[in-house]
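Undergrad: Can you keep this structure in mind? I'll have questions shortly.
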Amino acid sequence: MLKKAENAKSKKAFKMPHTFVILLIIILVAVALTWVIPSGEYARYENASGTKVVDASQFTYVDDVSVSLPSVPLMIVNAFIKNADLIMLVLFSGGAIYMLTSAGALQALVAKVARRYSHRVEIFIPMLMLVFALICTTQGVNTFIGFAPIMVMLSLSLGLDSIIGVGIILLGGAVGFSTGTLNISTTLVAQKIAELPPYSGIAYRWVCFAVFYVITCAWLVRYAKKIQKDPTLSPMYDLDQQSEFKKAELDDFGEMDTRKVLSILSLVVALVVIVYGCIELDWDFPEQTAVFLVLAVVIGLFAGFDANKICTEFLSGCKKMLGAAFIIGFARAIGSVLSAGVITDTIVHGLSTMLNGLPAALLGVGMLFANTIINVFLTSGSGQAAAVMPIMVPLADLLHVTRQTCILSFNFGDGFCNYVLPTSTALMGILSAGNVPYDRWMKFMWKLFLVWFAAGSIMVVIAQIMQYGPM
């Protein structure tokens, strides 16, 4: 019996370490690499657009520099200080979006669409997915973990299944987040490292958004119609029959009134102002943060909250983004360690030698594949951007891959596999809140992920062929 108990313990499922643990391990590995990898540097020059890029023909080894362990805590603190403007943007945007859900505006909008188009899934599903896709152009999908039960109740009340309920959030959010149109925690972090103007290259990212949106809507609508014809084909059929969410009515979600309409419109106006400011007025992170601060107050006033309520809800939203903010600081310390040890260029030099044999059009796909693999271990978008872009950007310069294509490859690689990885907090949080087991979700999801990867590869190849640039 004792032997059996020991065997049972040894067979316990592996528990993925906390993101901070992974980041600290990577920082320590980076420190160790500075002790074994020779220091080296590329010569750099300013290109026509004024951006410093590496000169592939001038790489030289220099005197070795090793980073000491006692210096690491200070490097982490300095990484937070250097990225304070980005961290504030992440916190304040989270506070503003949380205010919108606290006002009940999003819930009422979803219910209104459902009431009107409940018998037309080809209209109902794309409209709701578009809502989550547009909001997730600036936010992570984990923002809507608490919204999952509402969507599952809504889906079951319309005679659909739980997978469609969580899928509207997850798949809509995946399109908005992974295409990186306005994403603060991925695109802006990567563009800052790549020395590109904020939100530059947005036109092609919107094209990618549209392509993935059409593909994903068609997939989910096709699935919904199949379930309507034969509910037993749903992987969730047996569990949905006993679901606690099955008794909900559409009237439980609230009515869309003037206050809620104004709240939704204020978000749209704020996003337009931010994009205009960044493209036409050279705004950076502080100006964007100020817009989100104003947005939070405006939504609170439209919702009828008093001053105390506005402050409470805003702080609650900021708290939800605190983990993402800390991840940025810790992850940027990885680049600081590599730079301090003068080994970033040496690593880039080795990688470029390995990838030189690939056809030029497929180099971006190689980066997409690499970022997808990295995301298995580092699922934080902001963390991955801060960790890998210091290496990927000079590598892109060496291989004549445009920096925007490099960032697009990162966005796709970091984003889309979050919806099949059991280490993704957004995926597992929403599935848990909607009472959808991971294995049932994967029966539905695995083929779509392969379609996403193929579509992403095609979009990256097109970007490289047309020399996707900063504008």
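Undergrad: Keeping all protein chains in the complex and leaving out DNA, RNA and ligands, what accessible area do you get for LYS320 with a 1.4 Å probe, in Å² to the nearest 10?
TA: Answer for LYS320: close to 130 Å² accessible.
Undergrad: With all protein chains present and a 1.4 Å probe, how do HIS400, HIS119 order by accessible area, largest first?
TA: Sorted by accessible area, descending: HIS119, HIS400.
Undergrad: If you plug each phi of the stretch 293-310 into the Karplus form 6.51 cos²θ - 1.76 cosθ + 1.60 with θ = phi - 60°, what whole-Hz ³J(HN,Hα) values come out, in order, with x for Gly and Pro?
TA: 3J(HN,Hα) across the stretch 293-310, in whole Hz: 5, 5, 4, 4, 5, 4, 4, x, 5, 4, 6, x, 6, 7, 4, 5, 5, 4.
Undergrad: Please report the relative contact order for the stretch 151-209, taking Cα pairs under 8 Å with a sequence separation of at least 6, and give it as a percent rounded to a whole number.
TA: Dividing the mean separation by the residue count of the stretch 151-209 yields 25 percent.
Undergrad: Further question: Determine the order of ILE407, ILE462, ILE264 by accessible area, beginning with the largest, at a probe radius of 1.4 Å.
TA: Listed by decreasing accessible area, they come as ILE462, ILE264, ILE407.
Undergrad: Turning to a different aspect of this structure: With every protein chain left in place, what is the accessible area of TRP283 in Å² (1.4 Å probe, nearest 10)?
TA: 60
Undergrad: In terms of solvent-accessible area of protein heavy atoms at a 1.4 angstrom probe, what is the ranking of LEU293, LEU89, highest value first?
TA: Descending order: LEU293, LEU89.
The values are calculated or read from the model by the stated rules, or taken from the named source; none is laboratory data. Values in this document were obtained by computation on a predicted structure and should not be read as measured data. Only protein heavy atoms, including side chains, enter the accessible area calculation; ligands, DNA and RNA are left aside. Shrake-Rupley method; radii C 1.70, N 1.55, O 1.52, S 1.80 Å.
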